[in-house]
Amino acid sequence: MAEFSIVNAHLLDPVAGEIRPGASVRVEGDRILEVAEDGAALSTGASEVIDAGGRTLMPGLIDAHVHAAITTLDLAAMARRSPTRVGIEAKAILEGMLQRGFTTVRDAGGLDVGIQEALKVGLIRGPRLFRSGRVLSQTGGHGDTNPATNDPHIGPCSISSTSFAHIADGPDAVRRAAREELKGGADQIKVMAGGGVATPTDPIDMVQYTEEEIRVAVEEAASRRTYAFAHAYIPEAIVRAVRAGVRSIEHGNLIDGMAAAVMAEHRCYLVPTLVVFDQLAEFGKAMNFPAESLAKLGLVIRAGQAAIATAVSAGVELGFGTDLLGEIHPAQSRELVLRAQVQSTADVLRSATVVNAALLGRSGQLGVIAPGAYADLLLVDGDPLADISVLGGQGDHLDLIVRAGEIVRRRS
């Protein structure tokens, strides 16, 4: 069982948005046992003491929108890729996330239970994972990657499945699809409520699923004491999903004041994902991202930062996500820098810690350094409040990374 203390640290408190010197933390097992501040000594010693030397100690970061099972931007090649290869590639992607300081992530679709099991038993040294499994999509929706055809085969079955999605039409089919994912251990359910960039047959301004269809997914998730969340860009799709009861809206680039007000009224989180559009615009063509999908980028990329301002003005809580795919996963930490162009660094760090913890239903356990919380800790050579870029790159300024009490990186 892990047992160690970190002393002489500058403690970053994301709730207060400040750094306080003279802090010490004791870890026992996977939890924080004690926190002492203002130069006070811990009440009991530990077998190992790590001297922070005045470096910044902060909670591990949380990314609420990852796709570790989408391992290449060449989506045609992705469709042909074997599950074994995807699993090996997902291992590398997840381990890279932890090395960048992301100690918890929420899968936004595609990961199977085997990856989650491999993380739990230590075959993958990656972040804590909240798995969504297959997303729910209507025919012609954002999760339907089948090309349009002049010879559709429409049979009596209202559900078809891929490794990424259940294509389910009608409330009964959506209910069954949600139940299947929850039975398989999904931690939450994702619903595609509007058009997207990556899929070939749905325009960005398309509204997907009826309110009734979304509501049954919400109901089924609630019956398992969890929640559903929704992909959506445009106001009509956002409002429909929020009124159906989803906990968060992903992306939301084309949100307006009316939709933001509805989100605030229902206490629905917004999870912006600026970095994926930034990276697709720069590297998508060279990496064989579909031309039809690249053509959609212009509709959303310019609106991303304005959407954040609209949501904040309405009082919407902002989570933190990245939505990166395949070869562009290493840009994960760039989302922090992009968000800091329109928000204070303190607000960005709150989004990536305490706000995301609340979104995941883990307030007090994740995203904070406090007695009883999971020992997810980063020791940073620099001050992220003054310069958030010290959290960038591939964890270049992270001298200590601890996930659930396990030291996964330690530099002197």
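Observations
- Taking the numbered list (1) crowded, with 19+ Cβ neighbours inside 10 Å; (2) among the hydroxyl-bearing types (S, T, Y); (3) in contact with a Ser or Thr (Cβ under 8 Å, 6 or more places away or on another chain) in turn, S333 passes all entries but (3).
- Failed item, numbered, when F4 is tested on (1) more than 23 Å from D399 (Cβ to Cβ); (2) surrounded by fewer than 21 Cβ atoms within 10 Å (Cβ to Cβ): (1)
- Residues being in contact (Cβ under 8 Å) with a residue 12 or more places away in the chain, surrounded by fewer than 22 Cβ atoms within 10 Å (Cβ to Cβ) and out of contact with any Gly (no Cβ under 8 Å at 6 or more places or on another chain) - total across the stretch 87-117: 2
- Residues within the stretch 198-224 that are assigned to a loop (DSSP other than H, G, I, E, B) and either under 19 Å from H266 (Cα atoms) or of a type outside the set (A, V, I, L, M, F, W, C) (or both), tallied: 10
- Restricted to the stretch 8-125, the set of strands (runs of 3 or more DSSP E) holding at least 2 residues that are over 21 Å from G392 (Cβ atoms) and of a type in the set (D, E) comprises 18-28.
- Annotation note: of A260, A244, the sole residue that is over 19 Å from V300 (Cβ atoms) and either crowded, with 20+ Cβ neighbours inside 10 Å or not assigned by TED's automatic domain parsing to the domain that holds A311 (or both) is A244.
- Of the criteria (1) in contact with a Cys (Cβ under 6 Å, 6 or more places away or on another chain); (2) under 24 Å from L73 (Cα atoms), which one V242 fails: (2)
- Residues that are within 15 Å of M97 (Cα to Cα), in contact with a strand residue (DSSP E or B) (Cβ under 9 Å, 6 or more places away or on another chain) and not assigned by TED's automatic domain parsing to the domain that holds I189 occur in the stretch 365-376; there is at least one.
The values are calculated or read from the model by the stated rules, or taken from the named source; none is laboratory data. Quick caveat: nothing in here was measured; it's all calculated off a predicted structure. Methodologically, a virtual Cβ is constructed for each residue, glycine included, from the backbone with ideal geometry; neighbour enumeration extends over all protein chains shown.
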